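Input: a single structure, listed below in structure tokens.
Every number in this text was worked out from the coordinates using simple rules, so none of it is lab data. Every value quoted in this text rests on a predicted model; they were computed, and no experiment measured them. Note that each Cβ is placed from the backbone with ideal geometry, even for glycine, and that neighbours are counted across all protein chains shown.
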Amino acid sequence: MRRCAGARSVREPAAHLRDLVPYDPKYIPAEVMVSANENPDDVPESLRTDIMRAIRRVALNRYPDPLANGLRDLIAEANGLDRDQVLIGNGGDELLFDTALAWGGPGRVFLNMPPTFSVYENNALLTGTSVVEVPRRANFRVDEEAVVARLSRGDVDFTIVTSPNNPTGDAVSESFVRRVLEASDALVVVDEAYFEFSRKTVRPLLENYENLVILRTFSKAFSLAGVRVGYLLGSERVLSEYKKVRQPYSVDAISQVVASTVYENRSKFVFGIERIVSERERMFERLGQMDGIEAFPSESNFILLRMEGASDAWRELLARGVLVRDFSRTRYLEGCLRVSVGTPQENDRFLQTLADIAASRRAR
Ligand SMILES: *Cc1c(COP(=O)(O)O)cnc(C)c1O
């Protein structure tokens with residue numbers, strides 16, 4: 001857009017935006033979309049019919065229930081908790097932002113364990129929160145001793161333990177989370193966005209630790225990335241602080257009924273989750289047989305791999321219709337690509353294409 005001569009320009013925005021780049025999922029249309037850790041299968045057809053029926057009953061002219069109490073009650077009951085120990089958000093992402101708003105801010109400290117989900121660091125920068133880093137080890141496992149030692153100094157206000165971690169795929173042990181919770185009174189968010197694939201949760205620790213909250217989402221195992229619903233499990237005390245910073249109507253009425261219908265029928269997703277887990281193991285094995293490719297073990301629905309010329313490989317994969325996530329120029333992840341587990345056919349297509357790329361390099 002061209003401005004006319006003499007038109008007014010705008011003053012600079014807030015100073016901390018200068019070093020920020022807008023989040024870019026690099027979502028390019030491709031035949032095989034395995035870049036965003038989504039469920040390759042949409043919600044089953046029979047459930048879609050139930051969803052449509054539920055949507056038809058929604059009053060569009062009325063504001064939604066601000067706290068999504070219907071959905072809250074379903075999740076609370078399934079987790080053996082009270083309604084006040086559950087909070088629904090506009091995707092897990094909103095709840096992560098709310099975490100930084102409520103526990104971060106100028107003069108406050110967030111402990112990060114990179115490489116991990118980039119949203120955490122961005123939220124800290126947006127809210128003026130200081131970030132201290134305890135980088136993962138060379139094999140991408142958390143440096144447990146260093147994390148506990150850093151927390152013991154007592155100046156950290158909150159930290160996020162991602163289990164399984166995105167994009168490295170590894171999960172932490174419950175005993176490590178317990179040590180983190182014991183090390184200080186910092187708020188500890190355990191991001192379990194992928195726990196349906198690892199089948200590990202620290203839910204039992206909620207009984208004893210007021211400083212623990214667990215984050216989950218409908219975007220991965222439950223095929224609802226397009227709908228935007230996530231939730232927190234935690235103490236009433238902590239969640240009441242989140243209520244002060246959240247946008248009152250962030251979870252719209254349609255999302256509430258879609259997520260409720262899916263949650264009530266979550267047993268219908270078990271088969272798909274099991275298929276993803278067994279496909280992940282098959283892909284990991286096959287990747288391990290390819291020369292020049294190092295694949296990292298995953299308990300999630302994606303695999304991180306490292307190779308020479310990763311960004312060229314990313315481009316060649318895309319040229320052949322396969323979109324994976326390129327981390328090759330990301331700090332701590334140099335030379336890495338991440339592939340989400342797709343349908344068996346999509347996975348075959350990815351594996352064959354990557355094997356061709358690797359073979360044509362050897363021939364050069
Ligand atoms: C996908 C993801 C989330 C949440 O995603 P939403 O779609 O906003 O619910 C949270 N944490 C991690 C590590 C993720 O990968």
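Here is the list for the range 210-279: GluC sites (Glu not before Pro) lying in DSSP coil, each with at most 15 other C-beta atoms within 10 angstrom of its C-beta, are GLU210. For LYS268, the lysines whose Cα falls under 27 Å of its own Cα, not counting residues fewer than eight places away in the same chain, are LYS200, LYS220.
Spin-label model, ARG331 to GLU236: label points 7 Å out along the Cα-to-beta-carbon direction sit 4.2 nm apart.
Annotation for the range 204-222 versus the range 101-137: alpha-carbon center distance of 19 Å.
GNM remark for the chain: springs join alpha carbons under 10 Å apart, and the peak mean-square fluctuation among ASN123, ASN139, ASN61 falls on ASN61. Exposed loop sites, defined as chymotrypsin sites (Phe, Trp or Tyr not before Pro) outside DSSP H, G, I, E and B with at most 15 other Cβ atoms within 10 Å, are absent from the longest region of the chain, namely 28-248.
Label-to-label distance for ILE28 and SER175 is 4.6 nm, based on points extended 7 Å past Cα in the beta-carbon direction.
Our helix-only sum for the chain, with -39,500 (n - 2.57) per DSSP H run of n ≥ 4 divided by its residues, gives a mean residue ellipticity at 222 nm of -11500 deg cm²/dmol. The GluC sites (Glu not before Pro) found in the range 295-364 that occupy coil by DSSP, while having at most 15 further C-beta atoms within 10 Å, are GLU308, GLU334. Using the Cα centre of the chain as origin and beta-carbon charges of +1 (Lys, Arg) and -1 (Asp, Glu), tell me which of VAL213, ALA59, ASN165 is placed farthest towards the positive end of the dipole. Farthest towards the positive end: ALA59.
Antiparallel as a % of all DSSP beta bridges within the chain, to the nearest 5? Just about 55 percent of them are antiparallel. Between ALA15 and ARG266, the FRET efficiency estimated from the beta carbon spacing at R0 = 56 angstrom works out to 0.80.
Name the shape class, rounded, prolate or oblate, that the alpha-carbon gyration tensor gives for the range 1-101, where a ≥ b ≥ c are the square roots of its eigenvalues, rounded holds for a/c under 1.5, and otherwise prolate holds if a/b is larger than b/c and oblate otherwise. Judged from the Cα gyration tensor, the range 1-101 comes out prolate (a/c at least 1.5, a/b above b/c). Annotation: extensible slack from SER311 through ARG361 equals 16.6 nm (criterion: 0.36 nm per residue apart, minus Cα-Cα distance).
Restricting attention to the range 301-340, which trypsin sites (Lys or Arg not before Pro) occupy a DSSP loop and are surrounded by at most 14 other Cβ atoms within 10 Å? When the trypsin sites (Lys or Arg not before Pro) of the range 301-340 are filtered for loop state and at most 14 Cβ neighbours within 10 Å, ARG329, ARG331 remain.
Is the C-alpha gyration tensor of the range 46-264 telling us rounded, prolate or oblate? Criteria: a/c under 1.5 is rounded; beyond that, a/b larger than b/c is prolate, otherwise oblate. Here the range 46-264 falls in the prolate category.
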